[in-house]
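Taken together, the values in this text are just the output of simple stated rules run on the coordinates, not laboratory data. Here the structure is a predicted model, which is why all the values come from computation and not from measurement. Neighbour counts are summed over all protein chains in view; Cβ atoms, including those assigned to glycine, are modelled from backbone coordinates with ideal geometry.
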Amino acid sequence: MIHRNAPLTPTGRLRLARCVVDEGWPLRRAAERFQVSHTTAARWAGRYELHGPAGMKDRSSRPHHQPRRTSAAVEDQVVRMRRDHRIGPLRLAVRAGVAASTAHRILQRHGMPPLASCDRATGEPVRRYERARPGELVHIDVKKLGRIPDGGGHKVLGRAAGRKNRNSAGLAYLHTALDDHTRLAYTEDLPDEKAETCAGFLTRARAWFADRNITVERVLTDNAWAYTKNTWRQSCRDLEIQPRWTRPWRPQTNGKVERFHRTLLDEWAYQRPYTSDAERQAEFPDWLDWYNYHRPHPGISGHTPASRVTNLPGQHS
């Protein structure tokens, strides 16, 4: 990387060197012309004579001899433990007897990405993708959420009192359709996850996206029972949508909607204690509107999902 105050870029160095070597300029004249010292002009002219234009690039500042560099055996040990146990630099440093910063540099030298960028099951780097346009792929999934009994659950009443009526309220089935390109989300609280319920949700979700100028082309689901029945397949055919399914035991393929559900739990469902399920549900439309229109999304460089949709109604409200 060229220093911001460097007087010469590689192109300027080449021009200086050619003036001296090819055209026979005196070093002092070239130095004055290019506003550098005599020794700098001599250095670039010498490199040009030895290496040609390729010699004008910056060289690494790494020393040629490093007597205190970590041995190859220790590096192999750190790399092997990382692959076998999938642990970070701090724990690797303790086991290998080196500093945490040394373990970190070893992992970098061997091209091993941070654990956060790796798949937990396989340890392989996560290959992230994003569809090119809205509607090209919509992720669909269901999140089960315990309903809050009237009077509040354990967060309001405490563990002992909340345990008595925790099973009486049942479950909420949050069906979500999330656009891959924009991260725009549509969610409904439904009584179950049967095939007919899922098919009806797909019909309403398609209409919701259509109202926002998004044509759903494909949907991606896991291999749950409801999504493999003829009811789901027929609904997709009627709506002219291509159904897709994740590979078995690979939920990360549908990771965008999985991550949305985690955000939903953290920022709405468990954000504060509620005294009833109705109270929590009453806040959901406002939260979802905030997520779609106002919340900066880390996955799309801090933009909002709505900002990625052309001419979206209510985008600037």
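Data for the structure
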{"quantity": "Unique match (being crowded, with 20+ Cβ neighbours inside 10 Å, touching a residue at least 12 places away in the same chain (Cβ under 8 Å) and not aromatic (Phe, Trp, Tyr)) among LEU239, LEU220", "calculated": "LEU220"}
{"quantity": "Top-ranked residue of segment 192-237 - restricted to ones that are of a type in the set (S, T, N, Q) and out of contact with any Leu (no Cβ under 8 Å at 6 or more places or on another chain), ranked as nearest to ALA306 (Cα to Cα)", "calculated": "THR215"}
{"quantity": "Subset tally (residues that are β-branched (Val, Ile, Thr), surrounded by 12 or more Cβ atoms within 10 Å (Cβ to Cβ) and farther than 30 Å from ALA99 by Cα) for segment 24-72", "calculated": "2"}
